[in-house]
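As structure tokens, the structure follows; a few thoughts come after it.
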């Protein structure tokens, strides 16, 4: 597996891979939070806002490590 | 063909933007957007309102620029100290921008311009001065252009709107009074007037008066009288709303026997309000107010229980106040119509200001400071943030503006923002490069502004209108040497994405701004403040409280008076997930019962300062204290868990206390020689007893409304 990050080019502008990973991470974290809210599972977390932040970080790291560089 | 006000407004705004841009480009200013955006942002329905907003913008620009210079002068060498004081200034401006509707925009601009001078100048003092001057003259040009367009093209004077609103407000208060009187006298229900409608009309009247003072010389010449009129209308509305709360205790009494001239009194007040309505409409009054005083059938009155006498006494006191205010209001409006300046101005007093700390405003100020710091740290520590210092400036400005709509979730901003960016993109990339003269550009500008202003004219669509116009102007970035770069577009889109991430974070940290969290916090604060006020009052005060104790009491009194209004506003934005089986109508019913409780607390505070007979105090002290402590305990319980109080148990407890106190009062009155207690002292005692009972009744009513709320769902943790 190639672990060297690759930049994204749009209209001649290069976007850093971490930026794309963090945007995707945030979107996924938000979707997860909505799903947990929908099924009333968020009540089992001590402090949901912090969990949302943790989800965002976990997704960003996972996407940045396994999805973006490939 | 008659043009609609909507068409005229959109046309004037578009024309003002085109002219403002033309001047800014002709003068070769660095950022013509300032002139164009000011012309678009100050466009309001009446010229006076626009002038007032524009003047606030200019004054705010001057004060904010000065603050920016001072910060640069002191801390230009140390970015941490600079940012510490800078965020403090922005937080102060945010705090004060919530203070009054009138100066809201001034403080917002004072915060904006400190950002412009401090950050857009990139820490260069020479730049800072040039930028401050240029931005202020850009804003001044935009304002001047809009004023001229507004004055020359379909001029809309605020005076006629002010008089029409005054007429509507009087008519609504008359309807409220007639309805209340009908309920008391057992007439068929003629339909109620919602309190929210009255509050909206009052707010509109206040705003229009500020505007009319600027665009109508007739209103300006009679300014003291108009302000007095405003204060009297507010006083009358307050008295009528408070009076509504007395009805539960009065409904079982035969008021026609107790107060024989009550129907005649009601007719007289309604006639006065009709005459005031006529005068607002421009017609002379057909009759002057007659002198009327509520009569009291003492023999029938003596057959009542002491608590019924107390309720009657409180209500009579309120009606006497309504009579006095309507008489004064009649005189003021009549003076305005006849232009009797000095007569109307006499006796006008500015309402007493109660300076105290508002926790919610502090919370918003803290949120702005936290957002500013987060953005600052991101710009410093994250490499290659698009726009860097300029992005920081834009982010802070948007954060300050966002606090005005604190209850609107950040998600609500995302759709209009990205829709605006997507609409502006093809215009910037494909259309603007094809234009070869200002005439062509003017057609494009005019068409875009006109369409947006026309399409999003409704006040509910204000967010869409503001964001579409601002993003369009920001993205096309018009200058004399026009450049077209996808980078500029991409950077702007990324800056806004970063802004939303920061705003989402500060919606939770340091203080959660989620509507359900805010709602619960405010509810707890309301009851704790009630508890504090109950704990600090009493008949047996031995010594004067300290300055700190007085300040705390003032703070809690302010909380009790203001929180029900805030709760009603936030209650409308509770998410469906937090409501569970609660309906929005039940949330509003709870807000209304909180408002009633707030009025009762205020009534008790007012009655508490009246002079009481020492003999009566001595006789009733122990019982009243016991009652007070019981109410205090209930407040403590509902602050933790509003659903814990059972309405039926509370009602039976209240009834038992009333029976016991009734007997104690009778004993005391029998023991005391009638001559030793003056009529005034006796009246004051009844007012105080009435206030105590009213408060207890309001608590029972509140517990009924609280039982309908799905509290476990509201408390449930969610993202």
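No value in this document is a laboratory result; all are computed from the given coordinates. Note that the structure is a prediction, hence the values are computed from the model and not measured. Heads up, the Cβs are rebuilt from the backbone with ideal geometry, glycines too, and the neighbour counts pull from every protein chain shown.
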>> Two decimals, Cα atoms only, Kirkwood Rh: what is Rg/Rh over chain B?
In response: 1.02
>> Could you give the length gained by full extension between residue B:270 and residue B:373, i.e. 0.36 nm per residue of separation minus their alpha carbon distance, to one decimal place?
In response: 31.4 nm
> Can you work out the FRET efficiency for the pair residue B:435 and residue B:287, with r the C-beta to C-beta distance and R0 = 51 Å, to the nearest 0.05?
Replying inline: 0.15
> So, by mean Cβ neighbours within 10 angstrom, what's the order for B:494-500, B:254-260 with the highest one leading?
Replying inline: B:494-500, B:254-260
> Computed FRET efficiency, Cβ-Cβ of residue B:425 and residue B:28, R0 22 Å: what is it to the nearest 0.05?
Replying inline: 0.20
> Rounded to the nearest 500 deg cm²/dmol, what is the calculated helix-only ellipticity per residue at 222 nm for chain A, with -39500 (n - 2.57) per DSSP H run of length n ≥ 4?
Replying inline: -18000 deg cm²/dmol
> What average number of partner chain Cβ atoms lie no more than 10 Å from the Cβ of the residues making up A:41-51?
Replying inline: 4
> In angstroms, what radius of gyration and Dmax does region B:1-72 have, counting Cα atoms only?
Replying inline: 15.0, 57
>> Normalised by the empirical 2.2 N^0.38 Å for globular proteins, what value does the Cα Rg of chain A take?
In response: 1.32
> Can you give the FRET efficiency for residue A:58 and residue B:715, using 1/(1 + (r/R0)^6), R0 = 22 Å, r = Cβ-Cβ distance, to the nearest 0.05?
Replying inline: 0.20
> By how many degrees, 0 to 90 and rounded to 10, does the Cα axis of helix B:679-707 deviate from the longest principal axis of chain B?
Replying inline: 60 degrees
> Do the sum for chain B: with -39,500 (n - 2.57) for every DSSP H run of n ≥ 4, divided by all residues, what is the mean residue ellipticity at 222 nm, to the nearest 500 deg cm²/dmol?
Replying inline: -25000 deg cm²/dmol
> What spacing in nm lies between the two simple spin-label points modelled at residue B:672 and residue B:577, each 7 Å away from Cα in the Cβ direction?
Replying inline: 5.9 nm
>> I need the fraction of alpha carbon pairs in region B:358-479 separated by more than 18 Å, rounded to a whole percent.
In response: 62 percent
> Can you list the equivalent-ellipsoid semi-axes of region B:470-622, largest first and in whole Å, using the square root of 5 times each Cα gyration tensor eigenvalue?
Replying inline: 51, 20, 13
>> Run the simple label-point estimate for residue B:221 and residue B:103 please: 7 Å along Cα→C-beta, distance reported in nm.
In response: 3.0 nm
>> Please compute one quarter of the surface area of the Cα convex hull for region B:441-524 and express it in square nanometres.
In response: 8.1 nm²
> What's the Cα-based Rg to Rh of region B:642-685, Rh via Kirkwood?
Replying inline: 1.23
> Kirkwood hydrodynamic radius for the protein assembly as shown: how many Å is it when counted over pairs of different Cα atoms?
Replying inline: 30.0 Å
> Is there a simple number for the mean count of other chain Cβ atoms within 10 Å of the Cβ of residues in B:713-719, and what is it?
Replying inline: 6
> Label residue B:618 and residue B:679 with points 7 Å out from Cα along Cα→Cβ: what is the distance between them in nm?
Replying inline: 2.6 nm
>> Need one number for region B:1-145: average projected area of the convex hull over its C-alpha atoms, nm².
In response: 9.2 nm²
> PRE reach from residue B:463 (point 7 Å along Cα→Cβ): which of region B:681-719 fall under 19 Å by backbone N?
Replying inline: B:719
>> What does the extension gain come out to for residue B:611 and residue B:248, with contour length at 0.36 nm per residue minus their alpha carbon separation?
In response: 128.0 nm
>> Considering only C-alpha atoms, what is the centroid distance from region B:149-164 to region B:364-407, in Å?
In response: 38 Å
>> Give me the extension gain from residue B:359 to residue B:509: residue separation times 0.36 nm, minus the current Cα-Cα distance, reported in nm with one decimal.
In response: 52.4 nm
>> Within region A:25-42, list the residues whose amide N lies under 11 Å from a label point set 7 Å along Cα→Cβ of residue B:418.
In response: A:27
>> With angles folded into 0 to 90 degrees, how steeply does helix B:125-152 sit against the dominant principal axis of chain B? Use alpha carbons for both and round to 10.
In response: 70 degrees
> Just the C-alpha atoms of region B:49-120: what Rg/Rh do they give, with Rh taken as the Kirkwood radius?
Replying inline: 1.03
> Tilt of helix B:306-338 relative to the longest C-alpha principal axis of chain B, in degrees (0 to 90, nearest 10)?
Replying inline: 50 degrees
> What is the distance in Å between the Cα centres of chain A and region B:575-600?
Replying inline: 38 Å
>> Can you tell me, using C-alpha contacts under 8 Å and at least 6 residues apart, the relative contact order of chain B as a whole percent?
In response: 15 percent
